[in-house]
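Since the structure comes first, as structure tokens, the remarks are kept for the end.
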Ligand code: SAH
Ligand code: SF4
Ligand code: F3S
């Protein structure tokens, strides 16, 4: 047998890109590729890119520039760009960086094997279609390798919401849900390979409406089906939109034992004027009432969110409304970003906020979020949580895993194995993680 070819994949952006990178690696596995951890010995380099903010998109070009030397030494090396920058910029990437051999969008990567063959024949390969066929089905015959205790599983993709700042509806396309039976089959397959926790992914995961045995299924319906899978211990999902937080999903947070008490529910701003300008179609008040209902169903739930500061026309008063909302919700985690102009989106045409002002607001918001995050984490000390252990820690004999609430927990215990789910009493709260001891 010939030496396997080596594939180096670098992943940027959201969890869906992480899932997609696994699928691309498996697709190219059929072409005789195995993954390598460094670009230096690779026969193919794939950058799986993100277009969400300008910085993320520009990073791709500086990264590509760095491969010039490698390509000069090794003319057979193939370089590909996948993901959302590939979708948004297409052929332009090859014009800007001629060493790129292949450009593949997020909806066409099941066609990678043919594209790779084309590059081997010395041609350039470009595919940014939104094909009709189900890419997940094309990819299902994958190697059954053992894997770690946690996995992502894409159930829904794309978005029809068109928030005024966001590229996702353009890069991922229209909202599509996968049929429930295929997801359940994939979950069984993951569990057989050692997975104990699955995070269901979608750009609007709670809008899930995939075909089930009796018509369309909701996300809650799907979660209840997965709750029956033996050996699967934990279910999470991300990312949700406030407008799609259906009653049955809220209820499941109170009643479904495998569904974890953590919810990522981005609000973006606390100002109704800005929310309207963002085309979010919810208000600060409706969001707060929603959280009240979620907390009534599951009082200990840890909330997480996303914020944009410095959105066009945001005033100091609008920003204060965001601070007030954060003060009221108290997030266990929250991700905040300075608004980044994305060409082609409606907000790009509007009056921009002074960047220094936006930086200042971002700092204030992040300080408040960090304070809450720390308070919630510190509040875990003395409590007993269940930890799913994922890997060895930095210290000898130490293992690290995640609690139900997604906090990282360090435990000393040479007897603990990766994949164990154990009760831990929390003894300490550090900068970014907890420490505890086995019960
Ligand atoms: N589908 C998810 C997340 C999409 S992108 C959702 O609807 O919540 C992740 C986050 O990036 C968004 O929640 C938003 O806070 C941020 N984001 C998106 N576009 C942005 C832009 N143009 N500038 C800054 N942040 C942005
Ligand atoms: Fe982007 Fe809005 Fe869709 Fe989320 S809901 S992916 S922020 S357009
Ligand atoms: Fe980025 Fe595309 Fe995800 S733009 S955040 S990789 S959907």
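Bear in mind these aren't lab numbers, they're just calculated from the coordinates by the rules spelled out. Please read these numbers as outputs of a predicted model, since none were measured by experiment. All Cβ positions, glycine included, derive from the backbone under ideal geometry; neighbour counts span all protein chains shown.
Reported to the nearest whole Å, the Cα centre-to-centre distance from the range 211-249 to the range 375-439 is 27.
Here's the picture: a label point sits 7 Å out from the Cα of residue 317 along the beta-carbon direction, and within the range 264-300 the residues with their amide nitrogen under 11 Å of it are 273. Express as a percent, rounded to the nearest 5, the fraction of DSSP beta bridges in the chain (both residues included) that run antiparallel. Among the beta bridges of the chain, antiparallel pairing accounts for roughly 35 percent. Normalised size of the range 146-260, defined as Cα radius of gyration per 2.2 N^0.38 Å with N residues, equals 1.05. Would you mind calculating the relative contact order of the range 5-127 from Cα pairs under 8 angstrom and at least 6 residues apart, reporting the percent as a whole number? In percent, rounded to a whole number, it is 24.
Given the options 106, 179, 98, which has the most mean-square fluctuation in a GNM of the chain, springs set between C-alpha atoms less than 10 angstrom apart? Answer for the Gaussian network model of the chain: 98.
Centre-to-centre, using Cα atoms only, the range 46-103 and the range 117-131 are separated by 14 Å.
Report the extension gain between residue 406 and residue 324 in nm, rounded to one decimal, defined as 0.36 nm multiplied by the number of residues separating them, less their alpha carbon distance. Kindly include the intermediate steps, with their values, before the conclusion.
Values: separation 82, 0.36 × 82 = 29.52 nm, distance 2.50 nm.
Computed gain between residue 406 and residue 324 is 27.0 nm.
Note: the range 1-116, Cα convex hull, 97 Å³ per residue. Globularity index of the chain is 1.01 (Cα radius of gyration / 2.2 N^0.38 Å, N = number of residues). When the alpha carbon gyration tensor of the range 69-202 is reduced to an equivalent ellipsoid, the three semi-axes, largest first, read 29, 21, 13 Å.
Return the ratio Rg/(2.2 N^0.38 Å) for the range 384-438, where Rg is computed over Cα atoms only.
Details: Rg = 9.5 Å, N = 55, 2.2 N^0.38 = 10.1 Å.
Rounded to two decimals, the normalised Rg is 0.94.
Taking R0 as 25 Å, what's the FRET efficiency between residue 55 and residue 3 from their Cβ-Cβ distance, rounded to 0.05? Calculated transfer efficiency: 0.05. Annotation: the residues 304, 281, 2, sorted from fewest to most other C-beta atoms within 10 Å of their own C-beta, follow the order 2, 281, 304.
Entry note, the chain: the mean residue ellipticity at 222 nm calculated from DSSP H runs of n ≥ 4, each adding -39500 (n - 2.57), is -10000 deg cm²/dmol after division by the residues and rounding to the nearest 500.
Cβ-Cβ distance of residue 184 and residue 117, R₀ of 30 Å, FRET efficiency by 1/(1 + (r/R0)^6): the value works out to about 0.35.
At q = 0.16, 0.17, 0.21 Å⁻¹, what base-10 log of I(q)/I(0) does the Debye formula yield for the range 302-439 when every alpha carbon is treated as an equal point scatterer in vacuo? So the normalised log intensities work out to -0.81, -0.86, -1.10.
With contacts taken as Cα pairs under 8 Å at a separation of at least 6 residues, the range 78-170 carries a relative contact order of 22 percent. With a Förster radius of 25 Å applied to the beta-carbon distance between residue 297 and residue 133, the computed FRET efficiency rounds to 0.05. Mean sequence separation of contacting Cα pairs (under 8 Å, at least six apart), scaled by the length of the chain, corresponds to a relative contact order of 10 percent.
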